[in-house]
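The values are calculated or read from the model by the stated rules, or taken from the named source; none is laboratory data. No experiment lies behind these values; they were computed from the predicted model shown. Here the Cβ positions follow ideal geometry from the backbone for every residue, glycine too, while neighbour counts run over all protein chains shown.
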Amino acid sequence: MVVFYSRSIGKDLLFCSININSMKIDLLCIGKTQEKWLQAGIKKYVDRLSHYTRFALKEVSVPSRTTSLPINQQVEIEGGVILKRAADYDVLVLLDASGRQMDSPGVAQYLQQHMNRGTRRIAFVVGGAYGFSDAVYKACHDKLSLSQLTFSHQMVRLFFVEQLYRGFTILRGESYHHG
């Protein structure tokens with residue numbers, strides 16, 4: 001929906017329009033972001049995203065005792081937590097090394113396609129250090145990869161929120177994206 005409004009600046013009347021995006025975007029992440037510098041970077045882009053969409057980064061906790069379990073059991077427990085949260089979303093997208101790669105304009109187009117389809121709630125998911133369970137792979141609607149390079153699951157959070165922000169600036173024709 002586009003809302004038009006006017007406001008006075010001195011003697012001039014300014015007419016503006018705002019595209020109010022009804023799509024809610026969440027980034028679900030297993031565990032907390034530990035590094036202060038990553039927290040600061042993520043906060044910067046989360047704050048910027050508030051001008052474009054309803055966005056929340058949700059850190060999903062798993063019981064601390066799971067770290068002593070074998071990797072496959074950790075992944076299954078994390079998968080159960082993700083699936084419990086995923087029930088609230090229209091679309092579940094995994095950020096996964098095996099996913100489709102796209103450039104920044106492709107991310108913008110991806111967002112636009114979901115807005116055009118009327119997607120109300122979309123969740124992008126960053127798994128734990130060992131990835132996703134088979135059940136999560138089966139439940140997802142799509143998988144995206146940020147790069148062929150391997151990043152820590154904590155760094156992916158920062159990279160993704162920056163790309164999401166960049167996607168919205170591309171859609172708005174703003175100068176943040178120069179390529």
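Brief remarks on what is shown
- Criterion applied to Gly80, Gly99 was being out of contact with any Pro (no Cβ under 8 Å at 6 or more places or on another chain), assigned to a helix (DSSP H, G or I), without any contact (Cβ under 8 Å) to a residue 60 or more places away in the chain and more than 15 Å from Val161 (Cα to Cα), and the one residue passing it is Gly80.
- Flag if Glu35 is within 25 Å of the chain's Cα centre (by Cα), surrounded by 11 or more Cβ atoms within 10 Å (Cβ to Cβ) and at pLDDT 95 or above: no
- Residue match in region 75-85 (condition: surrounded by 11 or more Cβ atoms within 10 Å (Cβ to Cβ), modelled with pLDDT of 95 or more, under 17 Å from the mean Cα position of the chain (by Cα) and not aromatic (Phe, Trp, Tyr)): yes
- Residue match in region 123-131 (condition: loosely packed, with under 11 Cβ neighbours inside 10 Å, within 17 Å of the chain's Cα centre (by Cα) and modelled with pLDDT of 95 or more): no
- Qualifying residue in region 154-167 (condition: more than 26 Å from Gln39 (Cβ to Cβ) and modelled with pLDDT of 95 or more): no
Residue-wise test of (1) free of Cβ contacts under 8 Å to residues at least 24 places away in the same chain; (2) part of a helix (DSSP H, G or I); (3) touching an Asp or Glu at 6+ places or on another chain (Cβ under 9 Å); (4) at positive phi.
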| residue | (1), (2), (3), (4) |
| --- | --- |
| Gly106 | yes, yes, no, no |
| Gln112 | no, yes, no, no |
| Met115 | no, yes, no, no |
| Thr119 | no, no, yes, no |
| Ile122 | no, no, yes, no |
| Lys138 | yes, yes, no, no |
| Phe151 | yes, no, no, no |
| Leu158 | no, yes, no, no |
| Gly167 | no, yes, no, no |
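- Odd one out for Leu94, checked against (1) more than 14 Å from Leu28 (Cβ to Cβ); (2) touching a strand residue (DSSP E or B) at 6+ places or on another chain (Cβ under 8 Å): (1)
- Evaluation of Val91 against the conditions (1) buried (at least 16 other Cβ atoms within 10 Å of the Cβ); (2) farther than 24 Å from Ser22 by Cβ; (3) under 13 Å from the mean Cα position of the chain (by Cα) shows that the sole unmet condition is (2).
- Taking the conditions (1) over 17 Å from Leu28 (Cα atoms); (2) within 15 Å of the chain's Cα centre (by Cα) in turn, Asp134 satisfies each one other than (2).
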